[in-house]
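Here the structure comes first, spelled out in structure tokens, and everything after it is commentary.
A short reminder: the numbers here are calculations on the coordinates, not readings from a lab. Only a predicted model underlies this, so the values are computations on that prediction, with no experimental measurement involved. When we count neighbours, we look across all protein chains shown, and the Cβ atoms used for this are built from the backbone with ideal geometry, even at glycine.
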Amino acid sequence: MKDYRIALLPGDGIGPECMSATRTVLDRIIAETPGLNLQMTSHRAGAELYRDTGETLPDEVLADCVASDAVLLSAIGLPDVRYPDGTEVQPTMMVGLRRALDVHSAVRPVKLYPGAPCVLRDTGPGIDFVIIRENLEGLFASFGGGAKVGNEVATDTLVVTRRGTSRVADFAFRLAQRRNGRPSDGKKMVTCVDKANVFRSLAFFREVFFDVAKKHPDISSDAVYVDAMSLYLVQNPWDFDVLVMENQFGDILSDLGAGLVGGLGLGPSGEIGDEHGLFQPSHGTAPQLAGKNVANPMATMLSAAMMLDWLGDQHNDPVAIDAAARLEMAVAKVLEDASVRTRDIGGTSSTSDVADAVADAIGCTK
Ligand code: ATP
Ligand code: MG
């Protein structure tokens with residue numbers, strides 16, 4: 001039996017409320033699952049900590065994140081807390097944490113659960129695809145150093161390396177192997193999303209992608225330009241399974257994906273490397289909702305489910321994989337039932353009501 005060490009970073013704004021609701025459901029799943037042990041340690045980090053102490057991510061907190069089996073983060077950053085040069089603390093802290101953990105692939109599942117509000121009139125055979133975003137380079141590579149700012153011209157640099165692209169592409173194919181394929185016909189498929197017709201760097205991304213695809217002949221591969229993909233994801237999202245793309249394209253299409261399936265309050269994410277996993281909701285700190293017990297904690301709960309699934313996969317632990325599936329099912333059950341839901345998805349319930357409802361639903365998923 002494995003004891004997992006988990007670092008929890010509740011963060012700022014609605015982060016601590018979403019984390020506390022998620023702890024309620026994690027405590028329940030641990031209580032109901034013989035053989036699942038999580039040693040969770042909570043740390044302060046982020047904008048409020050910076051305001052109080054001048055530090056966003058103290059060395060000992062970073063060290064515990066690196067030493068842990070996984071990190072679960074809620075949301076970080078407050079728009080009015082800035083470094084002396086005027087920049088927000090969140091991007092710098094997150095880029096530092098990502099680089100320290102070497103989490104090269106960001107995973108954003110876009111899944112329409114029954115009962116979740118959807119902007120599409122026709123949802124066809126269902127929506128269930130995953131965006132894999134290269135997480136350490138691309139147009140974000142010059143962040144914190146490589147950008148040039150003059151009086152008349154400012155430039156950023158888009159960096160695509162063979163190593164960075166190979167590992168994110170390989171990650172995408174391995175994930176496709178574990179999934180059920182695209183909703184329209186069950187075909188397992190990885191689609192490279194790029195702009196290879198315009199940018200040399202992205203033509204290289206595509207070339208490396210197809211080199212990796214040759215090592216996974218049992219999974220179909222394809223490439224689509226990012227502008228066309230924005231259209232397809234709104235018109236026929238059920239034709240996609242796993243999408244892999246450069247950092248900035250992934251940032252944008254992930255929000256489009258979240259919008260398709262009920263909004264930011266339902267969107268989980270994971271950032272995964274060869275050794276580390278960092279999991280967090282795709283929303284930010286929504287400061288205007290903070291402290292009111294109204295935020296939707298489901299994205300954080302679904303991120304915790306992704307964390308359990310990843311831990312189970314990494315450690316060959318069917319107990320953790322099963323617990324992940326039951327946690328996801330419990331969230332889905334509460335969504336489908338519709339009697340307990342937060343305002344962002346059309347209800348009037350509080351964050352803690354959702355925590356209690358999901359915890360109760362866990363009891364029914366054994
Ligand atoms: P960031 O720059 O950190 O990504 P953002 O400006 O994109 O932040 P978010 O904090 O992600 O903004 O949220 C945008 C809006 O979406 C919020 O103001 C809020 O209305 C809504 N929202 C986001 N997350 C939630 C949630 N968990 N529950 C309810 N509403 C949410
Ligand atoms: Mg945002």
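Looking at ARG23, ARG51, ARG28 in this structure, which one is farther than 29 Å from GLU328 by Cα, outside any strand (DSSP E or B) and basic (Lys, Arg)?
Only one candidate qualifies: ARG51.
Looking at GLU275, GLU271, which one is assigned to a strand (DSSP E or B) and away from ligand 2 (no atom under 12 Å from the Cβ)?
The conditions single out GLU271.
For the range 1-45, a residue qualifies if it is in contact (Cβ under 8 Å) with a residue 60 or more places away in the chain and either closer than 15 Å to ASN293 by Cβ or touching a Pro at 6+ places or on another chain (Cβ under 7 Å) (or both), and the qualifying residues are PRO10, GLY13, ILE14, GLY15, GLU17, CYS18, MET19, SER20, ALA21, THR22, THR24. Considering (1) closer than 17 Å to PHE249 by Cα; (2) of a type in the set (Lys, Arg); (3) free of Cβ contacts under 8 Å to residues at least 12 places away in the same chain, the lone condition that ARG121 does not fulfil carries the number (1). Among the numbered conditions (1) touching a residue at least 12 places away in the same chain (Cβ under 8 Å); (2) more than 16 Å from ligand 2 (Cβ to nearest atom); (3) surrounded by fewer than 23 Cβ atoms within 10 Å (Cβ to Cβ); (4) not charged (D, E, K, R), the only one that LEU231 does not meet is (1).
In the range 162-208, which residues are hydroxyl-bearing (Ser, Thr, Tyr) and under 23 Å from the mean Cα position of the chain (by Cα)? Don't jump to the end; show me each part of the working.
Pass one, the range 162-208, residues hydroxyl-bearing (Ser, Thr, Tyr): 165-166, 184, 191, 201.
The answer is THR165, SER166, THR191.
Among the residues of the range 101-117, none qualifies, meaning not one is within 16 Å of ligand 1 (Cβ to nearest atom), within 15 Å of LEU9 (Cα to Cα), of a type outside the set (D, E, K, R) and part of a loop (DSSP other than H, G, I, E, B).
Residues considered: LYS148, LYS188. Of these, the only one that is in contact with a strand residue (DSSP E or B) (Cβ under 7 Å, 6 or more places away or on another chain), loosely packed, with under 15 Cβ neighbours inside 10 Å, over 18 Å from VAL226 (Cβ atoms) and not acidic (Asp, Glu) is LYS148. Output the residues belonging to the range 158-185 that are in contact with a Ser or Thr (Cβ under 8 Å, 6 or more places away or on another chain) and either more than 14 Å from VAL107 (Cα to Cα) or aliphatic (A, V, I, L, M) (or both). The answer is LEU158, VAL159, VAL160, VAL168, ALA172. If the condition is being surrounded by fewer than 24 Cβ atoms within 10 Å (Cβ to Cβ) and away from ligand 2 (no atom under 16 Å from the Cβ), then the range 279-298 contributes GLY291, LYS292, ASN293, VAL294. With respect to the conditions (1) within 16 Å of ligand 1 (Cβ to nearest atom); (2) outside any loop (DSSP other than H, G, I, E, B); (3) without any contact (Cβ under 8 Å) to a residue 60 or more places away in the chain, GLY257 falls short on a single one, namely (3).
Of all the criteria given as (1) outside any helix (DSSP H, G or I); (2) within 16 Å of ligand 1 (Cβ to nearest atom), the one not satisfied by ALA196 is (2).
Pairing residues of the range 151-175 that are touching a residue at least 24 places away in the same chain (Cβ under 8 Å) and loosely packed, with under 15 Cβ neighbours inside 10 Å with residues that are assigned to a helix (DSSP H, G or I) and of a type in the set (Val, Ile, Thr), at Cβ distances under 6 Å and at least 6 apart in sequence or on separate chains, gives ARG162/VAL208.
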